[in-house]
Each structure stands twice: as C-alpha cells, then as structure tokens.
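What follows draws every value from the coordinates through simple rules; no lab data is involved. Remember, predicted model here, so these are calculated numbers, not experimental data. So basically every Cβ, Gly included, is an ideal-geometry build from the backbone, and we count neighbours across all protein chains shown.
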Amino acid sequence: MQSAQNQFTVKTPGRGVTDLTSRVQALVAESGIRTGMCHVFLHHTSASLMLCENADPQVLKDLETFMEQLVPDGSRMFQHDAEGPDDMPAHVRSVLTGAALNLPVAQGRCSLGTWQGIYLWEHRYSPHNRRVTVTVQGD
Amino acid sequence: MQSAQNQFTVKTPGRGVTDLTSRVQALVAESGIRTGMCHVFLHHTSASLMLCENADPQVLKDLETFMEQLVPDGSRMFQHDAEGPDDMPAHVRSVLTGAALNLPVAQGRCSLGTWQGIYLWEHRYSPHNRRVTVTVQGD
Amino acid sequence: MQSAQNQFTVKTPGRGVTDLTSRVQALVAESGIRTGMCHVFLHHTSASLMLCENADPQVLKDLETFMEQLVPDGSRMFQHDAEGPDDMPAHVRSVLTGAALNLPVAQGRCSLGTWQGIYLWEHRYSPHNRRVTVTVQGD
C-alpha cells in the first residue's frame, strides 16, 4: 500500500456551497492509487464538507433554507456572538454536518454514486479562505 | 498492510432501516485482515448509514419519529419535490446522518460496542436498490 | 505503510464534553507515523465524538443549549425511556453527531485547524466509562 497527501485552499463566496468533486478526483488520479480510500478534511469549525445531490441546484438551496430554520442566525439562545449573528450557528452547522469525508477509491477514482457531489459548505456570511487536506491510501 | 474491497446491493423495504452488521462482519472476516480499518460507503444521497442501538427496536422507531418531525415530508419550505413529498427530506436526512461509516478492525472483526449495530436507513417511501462498498485496510 | 491501534477509557462527568485532543495527539506521536490517517472511535450509542471550536468555552455551552432544544429530554414523542428521560435523546444526539472521527496525520501529528479540538460529548446525565479506540495508519 502507498499513500499521497495534498493540501489546497478554497476561497468561498460567503455562505453557500463550492463543488470540490473535480479537484478531489484530480488528486486521486494524480496519486496513481487504483483501489483504497480517499479522505477529504476541512481544517475549520465554521464550514463543512458533505456529499449532496448534484443534479438539481434547488436541492442545495432547499438545504440552506432548512438549515437556516434549524439553526437561526442571531438566535437569543446563543451567547457566543463575538463575530456576529452567524458565528455560533456556523459552529452548530459544522458539528451537525461534519468536517471530513471518507470515500472509497475504485478503478483510480473516488467511487461516488451517480448523484453524489463533494461540497464545501461555507456557513459564515463573509468569504473565507478554507484549507482542505486530501489523503489517499491504497494500492 | 493489505486491503480488500467488495460491493453489494441492499433492497430496502422503503422508509426504515436494514441491519447490515452481519454482512459487514462477514466481509471483514473474509478479508483475513486482523487489525486496521473497515469503511462502509453508500453510493446514494437519499439514504444513510448509521450506528445505532441494536437491542430495543423501539429506539429505531423513535428515531424515525424524531426525524419526521425535524424534516417534515411535504414541507412548503422545500421547492425540490420532483419525486414527491419525501424527495427533499430524504436529501436533508442524508446530509444530517451521512453516507459513510469508518470502523476499527481488531482481532479480525469490526470492533463495535456491545449495543452498536450498522444500519442502512432508507429515507424514501418506496423500496430502492442501494449500492454499498466495503473497504478493509490493515494487517 | 504501518499501523498502530490503542484503546483507552474516558470517565465522563455526565452530560458535557471532555477534550481528548492531547490524548489522541500523544498516541499519534507514539506510533511514529508521520503521514497518514488517525481514526478515533467511540464504542457507544449514547455519546459522540466531534470536532469543535476550542477557544471560547461558551461555544460548547451554546451547543449544549441548542441540542437540548433540538432533542428535548423526556419528550412525549419518545417511547424508549427505560433508562430515563435522557435515554432516547442520547441515542438521537449520537446519530446526529457521530461516533467516529477520521483525521489526517501530517508531520507526525493530527493535522487539526487552529481552532479544532477533539471532544467526547457525553449525552447521558450520569457519569459513564466510555471506551475509545485510536487507529493510526501511514508511513
């Protein structure tokens, strides 16, 4: 077994999603590993990584609507608001959806389902530079 | 270190859970790997994999009740409903609970806690064929 | 590639969080692995592992407040209450937040972001002994 590890930075547009699928697939291809695992990690606590439906952009909008109702910005239940009304909600969203994805590699690619895309979900209002590490292990 | 990767398909009964524990344990045993990691991956965005209490079936029923309140089917907040009132809720549930599990392998088995079972959670009303990949890496 | 696997037990104080960051980092250092993956696994269904902001303790308090509103203890929607009003909510919290973390290892350490801490989140009211397995794989 062998491994490859790379980092890159994503400049997010503020709250919303960025599709990382092709960047991750390119790193898997570059690693030369045909069968194994690919791990994608986000070094932050106010954004997330997720797999989501990649065909109808409305899915991502509805997901945002859901999350804004579930974790209301500026809610009085939150006392940690040093960075604004989106500060604590961003941490809650990050805990609920996670900062890592682990994906099987088969035939030299992340073996995603037809409708699975890899997304970075920015939870803060303002644009941020987000650091991502991709580790591939296998044969 | 060595690895083994296998796929299988689960025919779900529609919304509800299917216990995958023994199928996953069988693949780990078959791999001959004694110590390492086992990764279980679902290639879909409207069903999930989860670890859940495996003793009292009421736990899984209460979990379903909770999720149906948290993400109401047919909610007017969702515009993506091409496949019915359970379409967008299924995607939200999938994001909240995840499509992958990573489990330690020790003494040739997934080292689960006494009450941990591996479940596929179908979020759509109708039966589906769900594709699962199991990757084992270790010694 | 090589691997190391260790177990330890955490005595929790009842509902609340325990910082595991330094214990996990110590096991990674001890493994001698410089580049690869570190997997942390909790063998229970009524507590979680999570990455969370580690600077302001109020973040963890607000997270607890949020979760207590999201999954109300003693809710009449839950029938599984053999062990008390916190029994079923603990299982729901565990499903929503997860029992495992997978972290990249770089330069001999878990490569966490500046504000990322590794926490065990006890969801039961009373203190428990919680078993954790750490598996490191890499070069």
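A compact table of results
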read-out	value
Leading residue at positive end of dipole, the protein assembly as shown (Cβ point charges), from C:M77, C:L42, A:V71	C:L42
Nearest-first distances (nm) between copies at B:R76, label 7 Å from Cα via Cβ	2.6, 2.6
Under 29 Å from the Cα of B:K11 - lysines, other chains or at least 8 residues apart	B:K61
³J(HN,Hα), Karplus 6.51/-1.76/1.60, whole Hz, each residue of segment B:41-58, x for Gly, Pro	10, 10, 8, 8, 10, 9, 8, 9, 10, 8, 8, 8, 4, 10, 9, 9, x, 5
A:Y125 long-range amide H proximity, modeled H, under 5 Å	A:R15
Cβ neighbours within 10 Å from other chains - mean over B:50-60	6
Inter-copy spacing of B:T114 label points, which lie 7 Å from Cα along Cα→Cβ, given in nm from shortest upward	4.5, 4.5
Cβ-vector label at 7 Å, B:Q7, separations to other copies in nm	3.5, 3.5
Cα long-axis angle, helix A:87-97 against chain A (0 to 90 degrees, to the nearest 10)	40
Segment B:30-71: C-alpha gyration tensor shape, a/c 1.5 cut-off, then a/b vs b/c	oblate
Among B:M67, B:M37, B:M50: highest mean-square fluctuation, GNM of chain B, C-alpha pairs under 10 Å	B:M67
Mean separation of Cα contacts under 8 Å (6+ apart) over length of chain A, as relative contact order %	54
Cα shape, segment A:1-131, gyration tensor, a/c 1.5 rule	prolate
Global geometry of the protein assembly as shown, whether rounded, prolate or oblate, following the gyration tensor of its Cα atoms and the 1.5 cut on a/c	rounded
Dipole magnitude (debye, nearest 20) for segment B:29-104, charges at Cβ of Lys, Arg, Asp, Glu	340
Degrees between helix A:21-31 axis and first principal axis of chain A (Cα, 0 to 90, nearest 10)	30
Given charges at beta-carbon only (K, R positive; D, E negative), |dipole| of chain C in Debye	380
Helical contribution to [θ] at 222 nm, DSSP H n ≥ 4, -39,500 (n - 2.57), averaged over chain B, rounded to 500	-8000 deg cm²/dmol
Check: the protein assembly as shown dipole with +1 on Lys, Arg Cβ and -1 on Asp, Glu Cβ, in debye	1120
Residue mean of other protein chain beta carbons inside 10 Å, C:111-119	4
Dipole of segment B:1-99 [Lys/Arg +1, Asp/Glu -1 at C-beta], most positive-end residue of B:A26, B:T9, B:V59	B:A26
